[in-house]
Amino acid sequence: MKFALRIYRRLAEAFPHEFKLLYGTEVMQLGEDVVEEIAREHGIAGLIRLIVDIAIRVPIEYLSEMRRDLKYGARALLKSPGFALVGIISLGLGMGMTTSVYSTVWAHLFHDLPAVTHAHELVIQQSPASYYYVEQYRTHKDLFAGAAAFQNGIPFNVGYQGNGNAKPERVFGQIVSPDYFSVLGVRPQRGRLFSDEVDKPGDAPVVVISDRFWRNRMNSTPNALGQTLRLNGQTATIVGITPKDFGGALSIISAELFVPVTVPPALAPELANGALHKRDAKEFLALMRLAPRVRPESAEAALDTIVRQLDAQDSLSSAPSDKSRRVTLLEGGKMLPIPRQIKPVLAGFYVTLIGLVLTIACMNLANMLLARGAARRKELAIRLATGASRFRLIRQMMSEGILIAVLGGGVGFALAYWLSILTSQVKLPSSVPVQFDYLLDWRAAVFTFALSVVCGIGFSLAPAVQATKADVAPALKEGAVVQLRGYRRFGMRNLLVVGQVAGSLMLLLLTGFLVIGISKTGTIQARFDPKTMYLLSIDPVRDGYTAAKAQALFERLPERLKAVGAVRGVALAAQAPFSIPGGAQQLSSENEFQDSIHQVKTVGRETVGAGYFAILNEPLIAGREFEERDQRTPPDESKSSLPVVLNESAARGFFPGGNPVGKRITRDNQPYNVIGVVHDMKNGVVGGQISSVMYVPLTQNDFARPPAGGMTILVRSDAGTDALRGIQREIASIDPNLAVFNVQTLNDYLELNRTYMRIGLDMYGAIGMFGLVLAAIGLAGVTAYAVARRRKEIGIRMALGARKTQVLSLVLREGSALVAIGTTIGFVGAIVMVKLLSALTSVFVDSFNVTTHDPLLLVGAPALLAGLAMLACYVPARRSAKIDPLVALREE
């Protein structure tokens, strides 16, 4: 019973101060009288109920007091609308940007794939592998609980049951091995998914559709299972529907159809020519589920050894002689798989960037609360004199800070929601539909609310403590003009200002480096008027053409189109010009200019037709470009030598110091003869791009299996003429059923690239300007705070004969010192951050390299911040020079 009484007394003492003023003595006396009686009548159970009841009442009373504090805080803010509005807007902007980044970048870096079980166990091989290799991975049960193969971004021309006359739709999906869904751990929403036991080669073709396909293209029909679709002219039966929001592995390219590798090549041309049985057909991505207690690092090392052994067993392959690791495993269960070593760097960069924004906003709030506390010093002194506890006043002022932060969080969430809608409408320059889910969800709302509460508490506590330190008697006598006890030149207020200026300059420099760097490195300048070139795509194989018929079409199509009036040139390519190069490949060469050293380089690959560089007005530095005879070169599976054109970067990498024309490079056992060198061409995408590029000619294989975006036709016309209608009529005269898509001018395509680039420019620019404005607001508030504190001093100086310029200089001196210190710290911090990011990742290297030595930015950014900061200090300082000394002295 004595133990229960001690607990009761401790809980009674924990009640709020206001409650104890009214009932404290009674509650304590009640405990003394009641505890013994309850113990006697009800025993331990009664004591437990009593303790639980009072333990529940304590937080309820605090919540009740906080509710009253919030009401009082709301009335106080309504009396100071300017203060409230500035605080809410500044915090709202900071939280809006933070929430927007959290719901986009953070979601794609860390969110698991929907409907996938134990996503952390999934890994995906970064480079493609052959289907044979994936089958070998599956046998290593000590490493992997399962292994599946798939191809992503595969187009299908889809027709629907009972609607045979309608033109087929072009829908993208995946070709997957039968164990694909079991490895992912995905269960069907309806019907069944693929499995090794049911889906066998030679069976009637089947297809699994996504929930998105079922809802948007089949109107959620309840009898979808069992219906047939026409895929590339072949029938396939729907056997299952995937769960909601599931878009397959690598869901950045959302899949609406899933086709097993057991279907015939007529339905999926990617399976033609024995693609499943060729060891060198490295066209599949390997998805594995790790065995229990196997870490990704150890699986990566073991898989690298397995791949080396498989390469050594292939008599037709000449394995690279380098000893570097050939296998990299990514997190296969994430929305956007990225290398493990880059992920923390990217996360750290965005945390730093947004952390600076949020810290500046919160420092601004803290400085404003300090200034507000100075104006309320007399009010606080009166409340202390009438019996209010210091804790009570601190709680009241923190309630006001939390209220501002929560309202700012509401504004921030609305801003983030608007940004998500705006960004979701941007179309990315890709032949395959790239899907980013930018829409906010409940997690973003919870994140914003939690962030608001944390910021409200964290950055209102120190000003509240500082404001309640006033001595009662001097404060009642002198009011708001009394100086704080223990005032220091570099106290908390000035430290906040220095931190705000330093953070703003770091933010301004980092975003300036990125904005100017992206603009310089990502701008594409064509050597001709891009409005005179038309881009069109066709995919005859998926329109029902045989490989031979498709090859014949592509061979005669350029001549047919050149006969159209106003057409001056025609070329074919597997992708639009100025695109991102295809998958990186490792090639080797013997460099005769450096003592026959064996050079191994990673290069991007682009497949182009005859006359490609001529139609782009890109003169070759050396050698020649592809001709019609190069397109008739036997396909690369024959292992005969193929012609290749290198760009400058690739030529310097393989053959430094000499002419590469006539030399040979090899990939596995495939030799390439260098026939020309062309200038480097930008692709408009900054970060992680491949600078070394090899151009190979279109072959019979490319005509028989056009890429996912179709074969691109480049047509150059006379300036001021519209040749598009004639081009479309000519294609229709060849075959009216041939689908033509992605029709646009090169100018439209480049504008789309610029739009994609402007997303980053606008985001980084807005962040930098936001930090700049917040720094100015904070300095203006601090200077006004200093003027309010030194009002009597300024009045005395002016009464003794000080001129207005002297008073102005007196007030500006402190602001100038703070700006100088903060600028120095911020400049050094920005340079250190740039060096650190450049050392850790190559994503931002190109942008930083062209801007970190730019004197306009290095001098202009600090000068801009300093000028704006001094202007912000000047406005309240100028008001101080207008103080009437008689009024200031009479205030005492």
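Would you say Q594 is at pLDDT below 90 and surrounded by fewer than 15 Cβ atoms within 10 Å (Cβ to Cβ)? Spelling it out, Q594 is indeed at pLDDT below 90 and surrounded by fewer than 15 Cβ atoms within 10 Å (Cβ to Cβ).
Checked against the criteria, V570 does not count as β-branched (V, I, T), open to solvent by 10 Å² or more (accessible area, probe 1.4 Å) and at pLDDT below 90.
Of the residues screened, S127 is not one that is among the polar types (S, T, N, Q) and buried (at least 21 other Cβ atoms within 10 Å of the Cβ). Scanning the range 237-257 for residues that are modelled with pLDDT of 95 or more and of a type in the set (A, V, I, L, M, F, W, C) returns I238, V239, I241, L257.
Starting from residues that are of a type outside the set (V, I, T), over 27 Å from F172 (Cα atoms) and touching a Phe, Trp or Tyr at 6+ places or on another chain (Cβ under 8 Å), keep the ones in the range 677-715 and report whichever is modelled with the highest pLDDT. Please lay out each step first, then the result.
Start the filter on the range 677-715 by keeping residues that are of a type outside the set (V, I, T), which leaves 679-684, 687-689, 691-692, 694-695, 697-698, 700-711, 714.
Now narrow it down to the ones that are over 27 Å from F172 (Cα atoms): 679-682, 691-692, 694.
Within this subset, residues satisfying the condition of being touching a Phe, Trp or Tyr at 6+ places or on another chain (Cβ under 8 Å) are 681-682, 694.
Numbers: M681: 83, K682: 74, M694: 91.
The qualifying residue modelled with the highest pLDDT is M694.
Considered as a group, the residues in the range 168-177 that are open to solvent by 10 Å² or more (accessible area, probe 1.4 Å) and touching a Pro at 6+ places or on another chain (Cβ under 8 Å) include one that is farthest from P243 (Cα to Cα), and that residue is R170. Of all residues in the range 235-279, exactly one satisfies the criterion of being part of a strand (DSSP E or B) and among the aromatic types (F, W, Y), namely F258. Of the residues in the range 182-193, none is among the aliphatic types (A, V, I, L, M), open to solvent by 30 Å² or more (accessible area, probe 1.4 Å) and touching a strand residue (DSSP E or B) at 6+ places or on another chain (Cβ under 7 Å).
Would you point out the residue of the range 218-236, among those that are open to solvent by 10 Å² or more (accessible area, probe 1.4 Å) and touching a Gly at 6+ places or on another chain (Cβ under 8 Å), that is modelled with the lowest pLDDT?
G233
Restricting the search to the range 194-217, which residues are open to solvent by 20 Å² or more (accessible area, probe 1.4 Å) and part of a loop (DSSP other than H, G, I, E, B)? Matches in the range 194-217: S195, D196, E197, V198, K200, P201, G202, D203, A204, P205. When the range 738-751 is examined, which residues are found to be closer than 15 Å to K682 by Cα and open to solvent by 40 Å² or more (accessible area, probe 1.4 Å)? Of everything in the range 738-751, just one residue is closer than 15 Å to K682 by Cα and open to solvent by 40 Å² or more (accessible area, probe 1.4 Å), namely E751. Restricting attention to the range 363-411, the residues being at pLDDT below 80, in contact with a Gly (Cβ under 7 Å, 6 or more places away or on another chain) and aliphatic (A, V, I, L, M) number 5. For the range 150-165, the criterion of a residue being in contact with a strand residue (DSSP E or B) (Cβ under 9 Å, 6 or more places away or on another chain), aliphatic (A, V, I, L, M) and closer than 28 Å to M763 by Cβ is satisfied by no position.
In the range 831-872, of all residues being within 14 Å of I516 (Cβ to Cβ) and of a type in the set (A, V, I, L, M), the one that is modelled with the lowest pLDDT corresponds to V850. Could you please let me know if L267 is under 26 Å from L303 (Cβ atoms) and buried (at least 17 other Cβ atoms within 10 Å of the Cβ)? Against the criterion (under 26 Å from L303 (Cβ atoms) and buried (at least 17 other Cβ atoms within 10 Å of the Cβ)), L267 does not qualify.
The values are calculated or read from the model by the stated rules, or taken from the named source; none is laboratory data. Just so it is clear, the structure is predicted and the values come from calculations on it, not from any experiment. Positions of Cβ are backbone-derived with ideal geometry, glycine not excepted, and every protein chain shown enters the neighbour counts. In case anyone asks, the SASA skips ligands and DNA or RNA and just uses the protein heavy atoms, side chains included. Shrake-Rupley method; radii C 1.70, N 1.55, O 1.52, S 1.80 Å.
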